[in-house]
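Shown next, in structure tokens, is the structure this report addresses.
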Amino acid sequence: MSTSVPKGHNWARQVKKEEEEEDPLDQLISRSGCAASHFAVQECMAQHQDWRQCQPQVQAFRDCMSKQQAKRREELQKRKEQTSAQC
């Protein structure tokens, strides 16, 4: 008699290769620190299915991303100035 375990449910989630790679846009949003406000927009859109009803969430996300972009521009400008000062 064989002592092999009968095959039952495989509770481990089988991840497709496509799902393993995170979407570049999602990566950008995560790195920006604005993921929570982006999630709020997505939740609102899922609930209301009308972007006009989600304007507070959209504006909060827009403000967050604008701040992050300004911060990034400032960092790049400083880096550029440091590089040119070293030459």
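Tabulated values for the structure
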item: Single residue of the stretch 40-52 satisfying the filter (assigned to a helix (DSSP H, G or I) and either hydroxyl-bearing (S, T, Y) or open to solvent by less than 80 Å² (accessible area, probe 1.4 Å) (or both)) that is farthest from M65 (Cα to Cα); result: H48
item: Of all residues making up the stretch 72-87, the number that are assigned to a helix (DSSP H, G or I), hydrophobic (A, V, I, L, M, F, W, C) and exposed (fewer than 10 other Cβ atoms within 10 Å of the Cβ); result: 1
item: Those residues of the stretch 20-39 which are over 12 Å from the mean Cα position of the chain (by Cα) and in a helix (DSSP H, G or I), in sequence order; result: E20
item: Near pairs, Cβ below 9 angstrom, 6+ apart or cross-chain, from the stretch 65-87 (under 22 Å from R31 (Cα atoms)) to any residue that is of a type in the set (A, V, I, L, M, F, W, C) and part of a helix (DSSP H, G or I); result: M65/I29
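The values are calculated or read from the model by the stated rules, or taken from the named source; none is laboratory data. This is a predicted model, so every value here is computed, not measured. Cβ: placed from backbone, ideal geometry, glycine included. Neighbour counts: every protein chain shown. Heavy atoms of the whole protein, side chains included, go into the accessibility calculation; ligands, DNA and RNA do not. Shrake-Rupley method; radii C 1.70, N 1.55, O 1.52, S 1.80 Å.
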